[in-house]
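Rule-based calculations on the coordinates, nothing more; no lab input. The model shown is predicted, which means the values in this text are computed figures rather than measured ones. Quick reminder, even Gly has a Cβ in these numbers, built from the backbone with ideal geometry, and neighbours come from all protein chains shown.
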């Protein structure tokens with residue numbers, strides 16, 4: 001186990017010695033960033049400040065790699081299908097390639113540049129190369145922010161791990177770092193008999209260190225029983241003259257030594273690089289409904305192995321926040337980042353549910369709009385990948401994270417979100433049913449009354465009972481008059497009337513205006529958590 005470095009400062013009289021910790025994280029404030037992780041890493045993260053980084057970037061595992069070497073500059077159908085809405089050869093990919101090949105700010109090593117040049121020749125300018133450029137830019141920055149004793153874990157699947165490993169080798173192994181393990185995360189599941197391959201039941205986690213002085217806490221699991229020990233170790237159990245059970249073990253240099261069974265059991269089962277941990281499934285207590293959610297047990301093993309209490313953990317693709325939640329439970333400090341406000345919303349709610357609002361309030365939150373100027377900046381982002389983020393922030397903020405975002409690809413018909421309202425079926429039928437309330441968001445400087453009419457048409461088409469129209473700038477007089485003409489919806493369960501279309505400005509959201517409707521049977525953005533005692537006397541929440 002690596003120990004924290006200390007420096008000794010001798011007093012003038014040389015009789016007293018003061019030991020001072022080399023670095024302390026006591027005053028470190030947990031941070032959550034909303035934005036592109038490349039921008040965050042470059043603008044906000046200093047060199048050699050992170051003890052452990054784990055990332056699980058989005059990747060589509062359905063790619064047909066049999067066709068990849070036939071790609072000579074134009075994208076084949078297999079590539080396009082596999083990387084739809086995730087990786088495309090666009091201006092960002094071209095800019096990234098130019099940045100690596102010109103190495104303007106000397107960020108990249110020669111081996112990395114040569115590797116990307118080779119990938120371009122072999123793969124062509126398509127989706128896979130765009131993905132590898134994306135990864136190269138970000139892992140280069142992650143390497144920079146890792147401490148010399150730091151570790152890096154890259155979570156991927158077998159369809160791309162061979163490409164990714166070459167990228168990581170070029171960044172870590174050429175600068176004094178090392179490849180430590182390929183960890184196989186094996187999980188259970190079931191499929192019908194496949195005609196062309198075996199069932200796929202594992203992910204890959206590539207483990208690297210920045211130097212040969214990385215923190216690593218080796219640990220072992222307890223044997224469940226003597227039978228398990230004997231079965232797995234395949235050792236014959238013997239009995240000595242006193243009737244004590246023992247096995248013969250390797251003593252080194254070709255020798256064999258006697259190890260009594262109780263001693264062997266107490267020593268434990270060393271962890272291998274094959275980890276059998278169940279995935280999050282429909283019956284899992286941890287399940288939040290997030291599609292790529294990873295089990296806490298997986299992150300707990302990584303964080304325990306490569307950090308000590310008080311160390312700083314970074315997850316640059318936070319998703320639903322499993323890494324930061326586990327880091328908090330294990331008394332590590334943490335930094336999280338995600339490019340979608342949906343994920344930030346999920347994490348804030350999960351942290352509040354799992355711990356308490358006091359913790360959430362103590363987080364340094366960066367990138368989330370806090371005033372009109374920052375909202376305008378978010379709405380005017382040029383990156384097509386984040387063009388809907390302003391809409392998501394508006395819908396989730398006004399609904400207190402209770403609405404669901406419209407994830408329809410392509411044209412969304414002007415509907416950006418929906419929340420389910422509980423009401424009586426009718427004035428004469430007291431059966432409770434869920435009814436749609438729609439959201440539409442516009443950021444035009446001069447919003448038009450046509451938006452209201454189109455929104456109302458979509459509501460009628462889908463039988464939404466009323467709608468919320470959120471605008472960045474003040475609505476026109478015509479828009480306000482049009483809404484008044486539409487009338488109101490009578491919610492009988494609470495005897496309250498709502499405008500058929502209510503106009504809400506972003507300024508009103510900043511002033512605390514929120515939607516209040518009966519949602520007894522609501523589907524929250526994430527499932528709430530249950531309380532648990534974390535061992536220090538405080539009652540907290542457990543997923």
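Worth a mention:
- Between residue 477 and residue 356, the C-beta separation translates, for a Förster distance of 51 Å, into a calculated FRET efficiency of about 0.65.
- Proxy reagent accessibility, fewest Cβ within 10 Å first, across 322, 292, 505: 292, 505, 322
- Sorted by Cβ density within 10 Å, fewest first, the residues 486, 114, 137: 114, 486, 137
- A crude spin-label estimate for the pair residue 44 and residue 217, with each label 7 Å from Cα along the Cβ direction, gives 2.7 nm.
- Residue-span extension gain [residue 233 to residue 187] - 0.36 nm each, minus C-alpha spacing: 14.3 nm
- Extended-chain gain in nm, criterion 0.36 nm per residue less alpha-carbon gap, residue 224 and residue 199: 6.2 nm
- Distance between the stretch 464-516 and the stretch 306-336 - C-alpha centres, whole angstrom: 40 Å
- Per residue, the average separation of C-alpha pairs within less than 8 Å and at least 6 apart gives the stretch 372-510 a relative contact order of 20 percent.
- Long-range Cα-Cα pairs in the stretch 220-270 (distance over 13 Å), rounded percent: 59 percent
- Exposure proxy ranking for 202, 162, 155, 134, based on other Cβ atoms within 10 angstrom of each Cβ and starting from the fewest, stands as 162, 202, 134, 155.
- Taking 0.36 nm per residue of separation and subtracting the Cα-Cα distance, full extension of the segment from residue 300 to residue 173 would add 43.1 nm.
- With both labels modelled 7 Å from their Cα along Cα-to-Cβ, the residue 448 to residue 260 distance reads 8.8 nm.
- At 1.306 mPa s and 10 °C, Stokes D of the stretch 372-510 from Kirkwood alpha-carbon radius, µm² per second: 101 µm²/s
- Share antiparallel - DSSP beta bridges, the stretch 220-270, percent rounded to 5: 100 percent
- For the stretch 220-270, the relative contact order works out to 41 percent when only alpha carbon pairs closer than 8 Å and six or more residues apart are counted.
- Computed from the C-beta positions of residue 490 and residue 365, the FRET efficiency with R₀ = 25 Å rounds to 0.05.
- Where labels lie 7 Å past Cα in the beta-carbon direction, separation of residue 331 and residue 99 in nm: 3.9 nm
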